[in-house]
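The values are calculated or read from the model by the stated rules, or taken from the named source; none is laboratory data. Keep in mind that this is a model prediction, so the values were computed, not measured. So basically every Cβ, Gly included, is an ideal-geometry build from the backbone, and we count neighbours across all protein chains shown.
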Amino acid sequence: MMIIKRRVTRNFFVGNVAIGGDSPVSIQSMTNTDTKDVKRTLNQIRKLYHVGCEIIRVAVPDEDAAMALKTITKLSPIPVIADIHFDYKLALMAISNGVSCIRINPGNIKNKSKLEEIISAAKDVDCAIRIGVNSGSLDHQLKKKYEKEISKALVESALSYVNFFEGKNFYKLKVSLKSTDVLTTISAYEEFSKLSDIPLHLGITEAGTKLVGTIRSSIGIGHLLLKGIGDTIRVSLTADPADEIIVAKEILKSLGLRELGPVLISCPTCARREIDVIHLAKLVEKELAKMTANIKVAVMGCPVNGPGEAIEADIGVAGAKTGGIIFKKGKVIKKISDFNLLVKTFLTELKKLEKEWRRSKK
Ligand code: SF4
């Protein structure tokens, strides 16, 4: 099996989550509640935590939101990052209200002395800073200089900020270089990773709705991870943030970078299909969402080819005209002549496997 060799980056902690070095690629999302509505924001953070979110970012558009961070950071089960635009005072408030990291685009806070104040406050409480460079807010001169190579402008912009921060002896830095264009984003990250050991936060900005955004993020983030680039990821979707976590987990599982619960494989169906595979796959997927075992599960449309096609699955089900079969590693373990009983038996077998897996981990 191919193993991805990850780029060596400097490492530090954001709250209790290790970033960079050889620590696992972490999963982030962002709340879409009104941050000053502490109850709703915390509810969403907890929900995201339960589906696998490891670090959460919240937007801090005004002082009320910055004040709300005091309670949010205290009660959040995962480290909180404050997303700041333009107003350095909000960054200072967020830092003093307990965030583990702030995300700023220094291009939006032009005054260097204000940036120095942020650096000094972050140093005092060991807060990390993500420098988020974005193609939409690049310096005019840089845009002009690299008219057709925006990726180069992103890299130059990020490096100039990094130099400024490191010049003030601040090293707990992450960088993101985002563009809505997948290829520009890929080039920028590839170029930057050759020039710096700073951990990289990957994402395709404004990727789109659930399906399109998933595809664009999987291509962009997946390509970079495959090359060993990337220390923490956020899949941006115009959808429920919980979907971002599910997609991020599937990207990491697909590349063998994290073991994050079961992997479902299901056949695309063809003329040999003997059952409603879509219905059965959805049913099994729902059940797998509650499980943590790192097992491969197959849902196949016919009993003749199904077990063979899914030979690498730890357990699988293949439907037949009447009932179907259950198999493990390609070998049939049960033949059942009634479909409902087949589903029930398969779900019981799945739960048994989950228990065995848990026992083996003790
Ligand atoms: Fe077709 Fe059967 Fe293969 Fe599914 S498992 S794609 S139904 S041959």
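Computed quantities for the displayed model
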{"quantity": "GLU166, sole failed condition from (1) in contact with an Asp or Glu (Cβ under 7 Å, 6 or more places away or on another chain); (2) at pLDDT 95 or above", "calculated": "(1)"}
{"quantity": "Subset of segment 85-101 [modelled with pLDDT under 95 and not hydroxyl-bearing (Ser, Thr, Tyr)]", "calculated": "HIS85, PHE86, ASP87"}
{"quantity": "Test set (1) in a helix (DSSP H, G or I); (2) without any contact (Cβ under 8 Å) to a residue 40 or more places away in the chain - VAL155 fails condition number", "calculated": "(2)"}
{"quantity": "Which listed residue, of GLY213, GLY222, GLY230, is in a helix (DSSP H, G or I), small (Gly, Ala, Ser) and within 16 Å of LYS5 (Cα to Cα)", "calculated": "GLY222"}
